Amino acid sequence: MTTTMRAMQLDAPGMPLRMVERPLPGPGPGEVRIAITACGVCRTDLHVADGDIHGGLPIVPGHEIVGRIEAVGTGVSGFSVGDRVGVPWLGHTCGHCPFCLSERENLCDQPLFTGFTRDGGFATHCIADARYCFAMPDAFDDVHAAPLLCAGLIGYRAYRIAGDAPVLGLYGFGAAAHILAQLAIWQGRKVFAFTREGDRTGQDFARRLGCHWAGASSDIPPEPMDAAIIFAPVGALVPQALKAVKKGGRVVCAGIHMSDIPAFPYADLWEERSIVSVANLTRSDGTEFLDLAARVPVRTHVTSMPLAQANDALDRLRAGEVEGALVLVP
Ligand SMILES: [Zn+2]
Ligand SMILES: [Zn+2]
(Lines give C-alpha, C1' and ligand atoms only; values in the text may rest on other atoms or scores of the structure.)
(Ligands and ions follow the chains in the order given, each with its own letter.)
Protein backbone atom coordinates (compact mmCIF):
# COMPACT_ATOMS: atom_id res chain seq x y z
CA MET A 1 0.00 0.00 0.00
CA THR A 2 1.20 3.49 -0.81
CA THR A 3 2.29 5.73 2.04
CA THR A 4 2.27 9.05 0.21
CA MET A 5 -0.27 11.15 -1.64
CA ARG A 6 0.00 13.77 -4.37
CA ALA A 7 -1.88 17.05 -4.58
CA MET A 8 -2.01 20.21 -6.71
CA GLN A 9 -1.43 22.93 -4.13
CA LEU A 10 -2.01 26.69 -4.27
CA ASP A 11 0.76 28.54 -2.42
CA ALA A 12 -0.30 32.09 -3.29
CA PRO A 13 -3.11 33.65 -5.36
CA GLY A 14 -2.18 34.24 -8.97
CA MET A 15 0.49 31.49 -8.87
CA PRO A 16 0.02 28.23 -10.77
CA LEU A 17 -0.88 25.21 -8.63
CA ARG A 18 2.15 23.08 -7.79
CA MET A 19 2.29 19.28 -7.53
CA VAL A 20 3.35 18.27 -4.02
CA GLU A 21 3.91 14.90 -2.39
CA ARG A 22 2.98 14.35 1.26
CA PRO A 23 2.72 11.51 3.73
CA LEU A 24 -0.72 9.90 3.55
CA PRO A 25 -2.77 11.44 6.39
CA GLY A 26 -4.74 9.24 8.80
CA PRO A 27 -8.41 10.12 9.41
CA GLY A 28 -9.10 11.74 12.80
CA PRO A 29 -12.19 10.98 14.87
CA GLY A 30 -15.33 11.29 12.76
CA GLU A 31 -13.32 11.49 9.56
CA VAL A 32 -12.68 9.25 6.57
CA ARG A 33 -9.76 9.05 4.17
CA ILE A 34 -10.85 8.88 0.56
CA ALA A 35 -8.93 7.60 -2.45
CA ILE A 36 -10.10 10.11 -5.06
CA THR A 37 -11.23 8.89 -8.48
CA ALA A 38 -12.61 12.18 -9.87
CA CYS A 39 -12.85 15.84 -8.85
CA GLY A 40 -14.77 18.47 -10.76
CA VAL A 41 -13.34 21.91 -11.49
CA CYS A 42 -15.69 24.71 -10.42
CA ARG A 43 -15.63 28.46 -11.01
CA THR A 44 -15.10 28.86 -7.26
CA ASP A 45 -11.74 27.06 -7.64
CA LEU A 46 -10.85 29.74 -10.16
CA HIS A 47 -11.85 32.49 -7.70
CA VAL A 48 -9.64 30.83 -5.05
CA ALA A 49 -6.67 30.50 -7.43
CA ASP A 50 -7.06 34.08 -8.66
CA GLY A 51 -7.43 35.49 -5.12
CA ASP A 52 -10.96 36.86 -5.62
CA ILE A 53 -11.88 35.13 -2.35
CA HIS A 54 -9.60 34.22 0.53
CA GLY A 55 -9.73 31.06 2.64
CA GLY A 56 -6.44 29.66 3.93
CA LEU A 57 -3.05 29.12 2.27
CA PRO A 58 -1.51 26.89 1.20
CA ILE A 59 -4.61 25.04 0.04
CA VAL A 60 -5.53 22.16 -2.23
CA PRO A 61 -8.60 23.34 -4.21
CA GLY A 62 -11.43 21.10 -5.42
CA HIS A 63 -14.85 20.50 -3.86
CA GLU A 64 -16.62 18.13 -6.25
CA ILE A 65 -14.91 14.97 -5.04
CA VAL A 66 -15.86 11.38 -5.80
CA GLY A 67 -13.87 8.46 -4.43
CA ARG A 68 -13.79 5.36 -2.26
CA ILE A 69 -13.32 5.28 1.48
CA GLU A 70 -9.93 3.83 2.29
CA ALA A 71 -9.74 4.36 6.05
CA VAL A 72 -12.32 5.21 8.71
CA GLY A 73 -11.65 7.18 11.92
CA THR A 74 -13.18 6.40 15.29
CA GLY A 75 -16.85 7.23 15.79
CA VAL A 76 -17.82 7.22 12.09
CA SER A 77 -21.23 5.75 11.45
CA GLY A 78 -23.00 5.07 8.17
CA PHE A 79 -19.89 4.56 6.04
CA SER A 80 -17.30 1.80 5.81
CA VAL A 81 -14.10 1.08 3.90
CA GLY A 82 -14.82 0.59 0.19
CA ASP A 83 -17.97 2.77 0.07
CA ARG A 84 -18.22 5.23 -2.82
CA VAL A 85 -18.84 8.75 -1.54
CA GLY A 86 -19.07 12.36 -2.71
CA VAL A 87 -17.54 15.29 -0.84
CA PRO A 88 -19.13 18.71 -1.45
CA TRP A 89 -18.15 22.31 -0.67
CA LEU A 90 -19.73 22.23 2.82
CA GLY A 91 -17.08 20.34 4.80
CA HIS A 92 -18.15 20.99 8.38
CA THR A 93 -20.53 23.11 10.46
CA CYS A 94 -20.55 23.91 14.18
CA GLY A 95 -23.99 22.49 14.95
CA HIS A 96 -24.82 25.09 17.61
CA CYS A 97 -24.91 28.58 16.07
CA PRO A 98 -28.32 30.22 15.39
CA PHE A 99 -28.06 29.27 11.70
CA CYS A 100 -27.24 25.62 12.35
CA LEU A 101 -30.11 25.48 14.84
CA SER A 102 -32.61 26.89 12.33
CA GLU A 103 -31.94 24.51 9.42
CA ARG A 104 -29.67 27.01 7.72
CA GLU A 105 -26.35 25.28 8.19
CA ASN A 106 -25.30 26.75 4.84
CA LEU A 107 -24.90 30.03 6.77
CA CYS A 108 -23.02 28.52 9.76
CA ASP A 109 -20.84 30.96 11.71
CA GLN A 110 -17.93 28.52 11.95
CA PRO A 111 -17.96 26.38 8.84
CA LEU A 112 -15.21 24.57 6.96
CA PHE A 113 -15.32 24.56 3.19
CA THR A 114 -13.68 21.85 1.12
CA GLY A 115 -10.87 23.14 -1.08
CA PHE A 116 -11.09 26.59 0.56
CA THR A 117 -10.55 26.36 4.32
CA ARG A 118 -9.66 22.66 4.35
CA ASP A 119 -7.77 20.71 1.70
CA GLY A 120 -9.87 19.51 -1.20
CA GLY A 121 -9.88 17.14 -4.09
CA PHE A 122 -7.24 18.20 -6.63
CA ALA A 123 -5.30 15.27 -5.19
CA THR A 124 -5.02 11.51 -5.03
CA HIS A 125 -6.46 11.43 -1.49
CA CYS A 126 -8.31 13.65 0.96
CA ILE A 127 -9.68 13.65 4.48
CA ALA A 128 -13.34 14.51 5.02
CA ASP A 129 -15.76 14.75 7.93
CA ALA A 130 -17.95 11.71 7.31
CA ARG A 131 -21.15 13.52 8.36
CA TYR A 132 -20.87 15.82 5.34
CA CYS A 133 -20.18 13.10 2.75
CA PHE A 134 -22.91 11.78 0.47
CA ALA A 135 -23.51 8.24 -0.71
CA MET A 136 -23.46 8.60 -4.51
CA PRO A 137 -26.32 7.19 -6.63
CA ASP A 138 -25.37 4.22 -8.82
CA ALA A 139 -26.86 5.97 -11.85
CA PHE A 140 -23.64 7.96 -12.31
CA ASP A 141 -20.07 6.82 -12.84
CA ASP A 142 -17.38 8.71 -10.91
CA VAL A 143 -16.47 11.23 -13.59
CA HIS A 144 -20.08 12.06 -14.45
CA ALA A 145 -21.07 12.24 -10.77
CA ALA A 146 -18.40 14.79 -9.80
CA PRO A 147 -20.07 17.93 -11.27
CA LEU A 148 -23.26 17.12 -9.38
CA LEU A 149 -21.51 17.91 -6.11
CA CYS A 150 -21.32 21.68 -6.55
CA ALA A 151 -22.54 22.77 -9.97
CA GLY A 152 -25.50 20.49 -9.38
CA LEU A 153 -26.00 20.88 -5.71
CA ILE A 154 -25.48 24.59 -5.10
CA GLY A 155 -27.15 25.14 -8.47
CA TYR A 156 -30.12 23.24 -7.07
CA ARG A 157 -30.26 25.45 -3.99
CA ALA A 158 -30.39 28.49 -6.31
CA TYR A 159 -33.07 26.75 -8.37
CA ARG A 160 -35.18 26.09 -5.26
CA ILE A 161 -34.82 29.69 -4.13
CA ALA A 162 -35.87 30.90 -7.61
CA GLY A 163 -39.26 29.41 -6.72
CA ASP A 164 -41.88 27.73 -8.82
CA ALA A 165 -41.05 29.65 -12.00
CA PRO A 166 -42.72 28.27 -15.17
CA VAL A 167 -40.42 30.45 -17.30
CA LEU A 168 -36.87 30.43 -16.00
CA GLY A 169 -33.79 32.26 -17.30
CA LEU A 170 -30.24 30.94 -16.76
CA TYR A 171 -27.43 33.49 -17.20
CA GLY A 172 -24.06 31.83 -17.86
CA PHE A 173 -24.54 28.43 -19.44
CA GLY A 174 -21.73 26.45 -17.80
CA ALA A 175 -21.58 23.42 -15.56
CA ALA A 176 -24.40 24.45 -13.21
CA ALA A 177 -26.82 25.71 -15.87
CA HIS A 178 -26.42 22.62 -18.07
CA ILE A 179 -27.48 20.47 -15.11
CA LEU A 180 -30.31 22.71 -13.88
CA ALA A 181 -31.72 23.16 -17.39
CA GLN A 182 -32.23 19.39 -17.63
CA LEU A 183 -34.02 19.28 -14.28
CA ALA A 184 -36.21 22.28 -15.12
CA ILE A 185 -37.20 20.90 -18.52
CA TRP A 186 -37.98 17.51 -16.95
CA GLN A 187 -40.27 19.37 -14.54
CA GLY A 188 -42.09 20.96 -17.49
CA ARG A 189 -40.63 24.44 -17.24
CA LYS A 190 -39.61 26.65 -20.13
CA VAL A 191 -35.90 27.53 -19.96
CA PHE A 192 -34.16 30.48 -21.60
CA ALA A 193 -30.34 30.29 -21.77
CA PHE A 194 -28.17 33.41 -21.84
CA THR A 195 -24.51 33.19 -22.86
CA ARG A 196 -21.69 35.61 -23.63
CA GLU A 197 -22.11 37.76 -26.74
CA GLY A 198 -21.44 35.68 -29.85
CA ASP A 199 -21.09 32.34 -28.05
CA ARG A 200 -22.87 30.33 -30.76
CA THR A 201 -21.43 27.04 -29.46
CA GLY A 202 -22.84 27.65 -25.98
CA GLN A 203 -26.22 28.64 -27.40
CA ASP A 204 -26.34 25.53 -29.62
CA PHE A 205 -25.43 23.39 -26.61
CA ALA A 206 -28.29 24.93 -24.61
CA ARG A 207 -30.79 24.29 -27.43
CA ARG A 208 -29.55 20.70 -27.82
CA LEU A 209 -30.33 20.16 -24.14
CA GLY A 210 -33.90 21.32 -24.75
CA CYS A 211 -33.81 24.99 -23.79
CA HIS A 212 -36.70 26.84 -25.41
CA TRP A 213 -34.56 29.78 -26.46
CA ALA A 214 -30.87 30.72 -26.26
CA GLY A 215 -29.27 34.09 -26.88
CA ALA A 216 -26.77 36.65 -25.63
CA SER A 217 -27.10 37.99 -22.10
CA SER A 218 -28.01 41.44 -23.41
CA ASP A 219 -30.86 40.05 -25.55
CA ILE A 220 -34.46 40.55 -24.54
CA PRO A 221 -35.97 37.05 -24.27
CA PRO A 222 -39.10 36.15 -26.31
CA GLU A 223 -41.31 36.58 -23.25
CA PRO A 224 -40.86 37.95 -19.72
CA MET A 225 -39.54 35.40 -17.23
CA ASP A 226 -40.80 34.44 -13.77
CA ALA A 227 -37.29 34.14 -12.37
CA ALA A 228 -33.65 34.22 -13.41
CA ILE A 229 -30.55 32.60 -11.95
CA ILE A 230 -27.20 34.25 -12.58
CA PHE A 231 -24.28 31.81 -12.63
CA ALA A 232 -21.82 34.09 -14.44
CA PRO A 233 -19.65 36.25 -12.12
CA VAL A 234 -20.76 39.44 -13.85
CA GLY A 235 -22.54 42.08 -11.76
CA ALA A 236 -23.87 43.88 -14.86
CA LEU A 237 -26.16 40.91 -15.45
CA VAL A 238 -28.20 41.78 -12.35
CA PRO A 239 -29.93 44.87 -13.81
CA GLN A 240 -30.22 43.10 -17.18
CA ALA A 241 -31.98 40.15 -15.58
CA LEU A 242 -34.25 42.47 -13.56
CA LYS A 243 -35.44 44.03 -16.82
CA ALA A 244 -36.20 40.56 -18.23
CA VAL A 245 -38.34 39.27 -15.31
CA LYS A 246 -42.05 39.87 -14.75
CA LYS A 247 -43.65 41.80 -11.88
CA GLY A 248 -42.86 39.88 -8.70
CA GLY A 249 -39.95 38.16 -10.47
CA ARG A 250 -36.90 36.99 -8.60
CA VAL A 251 -33.26 37.30 -9.64
CA VAL A 252 -30.99 34.80 -7.88
CA CYS A 253 -27.23 35.36 -7.77
CA ALA A 254 -25.72 31.89 -7.43
CA GLY A 255 -21.98 32.55 -7.39
CA ILE A 256 -19.63 33.16 -4.46
CA HIS A 257 -18.07 36.18 -6.20
CA MET A 258 -19.29 38.72 -8.71
CA SER A 259 -17.98 41.98 -10.17
CA ASP A 260 -19.72 45.10 -8.81
CA ILE A 261 -23.37 45.56 -9.67
CA PRO A 262 -23.81 48.84 -11.59
CA ALA A 263 -26.39 51.42 -10.45
CA PHE A 264 -29.81 51.03 -12.04
CA PRO A 265 -33.17 52.86 -11.89
CA TYR A 266 -35.43 51.94 -8.97
CA ALA A 267 -38.21 51.42 -11.52
CA ASP A 268 -36.47 48.20 -12.61
CA LEU A 269 -36.81 46.76 -9.10
CA TRP A 270 -40.27 48.20 -8.46
CA GLU A 271 -43.36 45.97 -8.54
CA GLU A 272 -41.96 43.46 -6.08
CA ARG A 273 -39.05 42.24 -8.11
CA SER A 274 -36.29 40.95 -5.85
CA ILE A 275 -32.60 40.16 -5.89
CA VAL A 276 -31.23 37.47 -3.62
CA SER A 277 -27.92 35.62 -3.31
CA VAL A 278 -27.41 31.95 -2.54
CA ALA A 279 -24.61 30.78 -0.30
CA ASN A 280 -23.26 27.24 0.09
CA LEU A 281 -25.55 24.28 0.67
CA THR A 282 -27.21 22.27 3.37
CA ARG A 283 -26.94 18.50 3.57
CA SER A 284 -30.65 18.21 2.87
CA ASP A 285 -30.17 20.17 -0.39
CA GLY A 286 -27.63 17.48 -1.27
CA THR A 287 -29.69 14.38 -0.56
CA GLU A 288 -32.76 15.91 -2.22
CA PHE A 289 -30.85 16.92 -5.35
CA LEU A 290 -28.88 13.67 -5.78
CA ASP A 291 -32.12 11.72 -5.59
CA LEU A 292 -33.76 13.98 -8.20
CA ALA A 293 -30.70 13.94 -10.47
CA ALA A 294 -30.82 10.14 -10.61
CA ARG A 295 -34.54 10.19 -11.39
CA VAL A 296 -34.39 12.69 -14.29
CA PRO A 297 -31.72 11.34 -15.02
CA VAL A 298 -29.40 14.28 -15.48
CA ARG A 299 -26.69 13.63 -18.09
CA THR A 300 -23.61 15.63 -17.21
CA HIS A 301 -21.42 16.59 -20.16
CA VAL A 302 -17.89 16.12 -18.96
CA THR A 303 -14.37 16.61 -20.23
CA SER A 304 -11.85 14.75 -18.08
CA MET A 305 -8.22 15.77 -17.71
CA PRO A 306 -5.31 14.30 -15.70
CA LEU A 307 -4.77 15.77 -12.22
CA ALA A 308 -1.35 17.11 -13.26
CA GLN A 309 -3.14 19.35 -15.81
CA ALA A 310 -5.15 21.22 -13.17
CA ASN A 311 -3.63 24.54 -14.26
CA ASP A 312 -4.68 23.96 -17.88
CA ALA A 313 -8.15 23.07 -16.66
CA LEU A 314 -8.40 26.37 -14.74
CA ASP A 315 -7.18 28.26 -17.82
CA ARG A 316 -9.82 26.62 -20.00
CA LEU A 317 -12.53 27.53 -17.50
CA ARG A 318 -11.26 31.13 -17.30
CA ALA A 319 -11.35 31.38 -21.10
CA GLY A 320 -14.94 30.08 -21.19
CA GLU A 321 -13.90 27.18 -23.44
CA VAL A 322 -15.74 24.46 -21.56
CA GLU A 323 -18.94 22.78 -22.73
CA GLY A 324 -20.54 21.34 -19.60
CA ALA A 325 -18.04 20.52 -16.84
CA LEU A 326 -14.33 19.75 -16.42
CA VAL A 327 -13.23 16.90 -14.19
CA LEU A 328 -9.73 16.03 -12.98
CA VAL A 329 -8.78 12.38 -12.71
CA PRO A 330 -5.78 11.43 -10.54
ZN1 LIG B 1 -23.11 26.71 12.86
ZN1 LIG C 1 -18.25 25.01 -6.66
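Just the protein heavy atoms count here, and of the accessible area of segment 177-267 at 1.4 Å, carbon and sulfur take up 53 percent. The stretch between residue 68 and residue 54, if pulled fully straight at 0.36 nm per residue, gains 2.1 nm over its current Cα-Cα span.
Extension gain, residue 97 to residue 261, is 56.0 nm, computed as 0.36 nm per intervening residue step minus the present C-alpha separation. Note on residue 160 and residue 304: the model spin-label points, each 7 Å out from Cα along the C-beta direction, lie 3.0 nm apart. Which of 150, 97, 133 moves most in a GNM of the chain, Cα contacts under 10 Å? Per the Cα network of the chain with a 10 Å cutoff, 97 tops the list. Applying 1/(1 + (r/R0)^6) with R0 = 30 Å to the Cβ-Cβ distance of residue 22 and residue 312 gives a FRET efficiency near 0.85. When +1 charges are put on Lys and Arg Cβ atoms and -1 charges on Asp and Glu Cβ atoms, the dipole computed for the chain relative to its Cα centre reaches about 360 debye. Near residue 9, the amide H atoms lying under 5 Å from its own belong to 18, 19, 20; only residues 5 or more places off or on other chains count, and H is placed 1.01 Å from N.
When segment 153-277 is described by a simple charge dipole with +1 on each Lys and Arg Cβ and -1 on each Asp and Glu Cβ, the residue from 275, 165, 231 located farthest towards its positive end is 165. Here the simple spin-label model places points 7 Å from the Cα toward Cβ, and for residue 201 and residue 319 these points are separated by 0.9 nm. Taking all protein chains into account, the per residue accessible area for segment 4-118 stands at 42 Å² (1.4 Å probe).
Could you please put 270, 186, 89 in sequence from largest to smallest accessible area, using a 1.4 Å probe?
Numbers: 270 145, 186 110, 89 10 Å².
Final ranking, largest accessible area leading: 270, 186, 89.
Rolling a 1.4 Å sphere over the protein heavy atoms, what is the accessible area per residue of segment 153-277, to the nearest Å²? That works out to 44 Å² for each residue. Projecting the Cα atoms of 265, 61, 287 onto the charge dipole of the chain, computed from C-beta unit charges around the Cα centre, puts 287 farthest toward the positive end.
Of all aspartates and glutamates in the structure, those lying under 14 Å Cα to Cα from residue 243, and not within fewer than 8 positions of it along the same chain, are 219, 223, 226, 268, 271, 272. When the Cα positions of 187, 107, 73 are compared along the charge dipole of the chain, 187 comes out farthest toward the positive end, with charges on each C-beta of Lys, Arg, Asp and Glu. 3J(HN,Hα) along segment 117-132: 10, 9, 4, x, x, 7, 6, 7, 9, 8, 10, 9, 6, 4, 5, 10 Hz, from the Karplus curve 6.51 cos²θ - 1.76 cosθ + 1.60 with θ = phi - 60°, whole Hz, x for Gly and Pro. Stretched out straight at 0.36 nm per residue, the stretch from residue 269 to residue 12 would grow longer than its current Cα-Cα span by 88.5 nm.
The values are calculated or read from the model by the stated rules, or taken from the named source; none is laboratory data. In this text, all values refer to a predicted model and were calculated from it rather than measured experimentally. Cβ sites come from the backbone with ideal geometry, for glycine too, and all protein chains shown count toward neighbours. Calculation scope for accessible area: heavy atoms of the full protein, side chains included, ligands and nucleic acids excluded. Shrake-Rupley method; radii C 1.70, N 1.55, O 1.52, S 1.80 Å.
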